[in-house]
Amino acid sequence: MNPELQRHLWTEFSAQRLIVMPLALGAMFALALLTGSNNLATLADVTVAVFVVLMFFWGTRRAADSIVSELRDGTWDAQRMSAQSAFTMSWGKLLGATAYAWYGAAMCLAAYLFVAFTPETSEWLRWQSRLLPDHEGMPIRAAMMVLVALTGQAAALACAMALVRKRRADRGVSVTLCHFAGLIVSVLLFWNVFGWFLSAGRVDWFGFDIDAGPFTLASAAAFLFWSFLSVLRLMRAELLYRIRPWAWAAFAVFIALWGLGLAHHLLVLSGAGVVPWLALPFVVVALLVYAAFLLEQKDQVRLRSWLRQIAALRLARAARDAPAWAQLFAMSLVLAAAVAIATPFDAADAVLAGYVVAHAPAMAISAVLFLLRDLALLLSVNLSANPRRGDGSGLVYLMLLYVLAPLLARALGDPSLVAIFLPVVPDERLISVGSPALQAMAMIGLLAWQLSRQASTLPGGGRR
Amino acid sequence: MDAFIKVENVTFDYPGVRALDDVSVAVAEGSVTALVGPNGAGKTTLMRCIAALDRPQAGRIRVAGLDVHANPRQAHTLMGYLPDFFGLYDTLTVRQCLSNRAAALGVDPERREERVATAAASVGLADRLEQRAGELSRGLRQRLAIGQSLVHAPRLLILDEPASGLDPEARQDLSALMLKLAGDGVTLLVSSHILAELQNYSSDMLIIRDGRVLDHRAVRESGRDRAVLTVQLLAPDNRLADLLGTDGEDLEVDGPVARFRGPADPAARARLLSRLVGAGLEVVAFGEAGESLQAQYIARLRSPATGDQRP
């Protein structure tokens, strides 16, 4: 048996706990059957509600805590000395830490399926309850629940691992923050989005009218794959394997394609030509640049070494050692250039779409320059003398620049001033391109000064 | 001497601080190396790099010929590491802790029980296998942690401040365990600030200061057929080197005091002493140089850096 899974099973399951869970759940289900106005429908509601609590509110927390507690209790180094593969460690942790929650969730799922398939459940009851689809839809809904629960738990574990890598020195990783990340992924995004797909019955994806069931299952499985892949990559990094940043780029392509497929109908209706098909992936990639930057460990020493490689134009080595956010930034540059090149050939016929397309190059260039400024700013904060709260401080600066400064500019009465701070004022082309260009140059200058100052404090200028 | 651990030009930087600066060290198989140096010298960083827990910015580390950073999983099957601040799974029993560690380190299922029993016996926990780790005293927890580090029969054991927080009796037990492991052929790399502790079992001393190797020397021959000896005469005597002959390798004379590698066997040592006295040398003191570990360390620390003295 997987040693990591076995260790968790030893810890999680005692004779007492094995008995308590079925007793507690049995009492709850009995109460639902005996007191509900519509007994079976109430039982179905209760089983799903308890499943959600066990999986999303407890399971995700246990998944995050499985790594945070190792760091807190000083056992993580011994784990890292293991001879197990990263894959074995990853799934052992994911399923082991949540095993007891799954024990209860499996009982909920069994009760839920019992209600769905029992002959006592009438069509009228099914029609009344959103949670009780017909017999054909039931396995898909149950499978979706399991996949979404696993995805949320994997997301919480991945978040915890990312934070463990960032905050190892002070051991200050918040389980609640990781738990919250898992909750957002599982409840807000997947539970609602997939639930909406299933309620709609059909999904339009790139013009194909697809049955919502298989599409939802495939989507849930794909998102589970990406969540688990992020755990696996972070585990590999912890176990000192070299990891390449290709996964983020691949995820960006997946999200862009998945989103474009769903937006296909709207994009066709809008009457726009090719530009929105490039602009949407650009927005996705730009947002992922921030996500990757904030989640990745910022090793000052390696960052400095990488930036020095760029400064010395050792581009092949710089590309090999590039962090994920840099790779994504390069993708955003390519997409912005594609938007600019495609604009003259776009055949947008609708008025609104025509307006957007006409101004797309300026907006894309402006957005890329703002992105460059932000990266230089965030890097600069992270490379400062006290980088402990680097990302937090960086986010505060970004909020000042993107929220307070534009509001202030607007309050001064000249709307064109907003273009100094936001890439969304296409009529002010000179300001909307010139301002971020100047800001980006200033931030890059600050970063270069910081690098040279820090290098001088190490023997040999820190060049080894 | 075969280099079991070979550290080549390793540099490790923390933000704004160079923890290891072009460090090169070769450690022989079966040796017990005391890794010493002031706080912040880079001892823990060096140990973590050798244990493939941290990757240096430059340089290479090989253990038994294996590049530990190219093959971290394989390297971990060869070594055990006990960090300064270690933790245990308090809800697991001693048996479960050891068994789980053995499984995680790739010990075959059919050999696992035997290895658990051997490791528990090595650290004196054979009678506490069913006790929970959380119920053990500080000293017993330390023993369990060491037991976990050697449950897979590693060829190299790296211990960072293993005696810290232990009472005198537990320290004595730890010394006995180190000697036993050394006798079993395990290569040991031990860091500690308690030099009196280290001298009981160390064959070599590696001094690190400011991320550089200040000194690396034998303090006792690991095979125990040779030992580092000192002889103090009433007054300097030029005949000493000739009289020692082959029994006095690496002779260092400082006035009336001489330090050399000589026989570890007590009978051979007695014959050597008789020879010196019989030749008319006025011997004031004669014995193992082990007790001077602290003095050697302080002396080396006050002198300029000399680098690794081993090839």
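Inter-chain Cβ neighbour count for B:17-30, averaged per residue, equals 1 (cutoff 10 Å, partner chain atoms only). Is the shape of the range A:1-243 rounded, prolate or oblate, going by the alpha carbon gyration tensor and its root eigenvalues a ≥ b ≥ c, with a/c under 1.5 for rounded and a/b larger than b/c for prolate? Judged from the Cα gyration tensor, the range A:1-243 comes out oblate (a/c at least 1.5, b/c at or above a/b).
Farthest toward the positive end of the dipole of the protein assembly as shown, out of A:Val396, A:Met107, B:Pro266, is the Cα of A:Val396, where the dipole comes from beta carbon charges about the Cα centre.
Going by neighbour counts of Cβ atoms within 10 Å, the residues A:Leu280, A:Leu163 line up, fewest first, as A:Leu280, A:Leu163.
When only the Cβ of Lys, Arg, Asp and Glu is charged (+1, +1, -1, -1), the dipole of the range A:1-72 relative to its Cα centre reaches about 100 debye.
With a Förster radius of 41 Å applied to the beta-carbon distance between A:Asp211 and A:Trp449, the computed FRET efficiency rounds to 0.10. Dipole orientation for chain B: of the candidates B:His69, B:Ala41, B:Ser191, B:His69 has the Cα lying most toward the positive pole (charges on Cβ; Lys, Arg +1; Asp, Glu -1). Simple point charges give the picture: +1 on the Cβ of Lys and Arg, -1 on the Cβ of Asp and Glu, and for the range B:3-218 a dipole about the Cα centre of about 280 debye. Pairwise Cα distances in the range B:226-302 exceed 21 Å in 21 percent of cases.
Length gained on full extension, B:Ala121 to B:Thr91: 8.7 nm, using 0.36 nm per residue less the C-alpha separation. For the protein assembly as shown, the spread of Cα coordinates along the three principal axes comes to 114, 71, 41 Å, biggest extent given first. Arranged from fewest to most other beta-carbon atoms within 10 Å of their beta carbon, A:Met89, A:Met21 become A:Met21, A:Met89.
When the charge dipole of the protein assembly as shown is built from unit charges on Cβ atoms (+1 for Lys and Arg, -1 for Asp and Glu) and taken about the Cα centre, the candidate among A:Gln6, B:Leu125, A:Leu375 whose Cα reaches farthest toward its positive end is A:Leu375. Under 17 Å of direct C-alpha separation, and excluding same-chain neighbours fewer than eight residues apart, B:Lys6 reaches these lysines: B:Lys43. Here is the result for the range A:1-78: no trypsin sites (Lys or Arg not before Pro) lie in DSSP coil with at most 15 other C-beta atoms within 10 angstrom of their C-beta. Exposure proxy shown here: for B:Phe85, A:Phe223, A:Phe194, the number of other Cβ atoms within 10 Å sets the order, fewest to most, as B:Phe85, A:Phe194, A:Phe223. Averaged over the residues of B:91-99, the number of partner chain Cβ atoms lying within 10 Å of the residue Cβ comes to 2.
Each value in this text was obtained by applying a stated rule to the coordinates, not by laboratory testing. Here the structure is a predicted model, which is why all the values come from computation and not from measurement. Note that we place each Cβ from the backbone using ideal geometry, even for glycine, and neighbour counts take in every protein chain shown.
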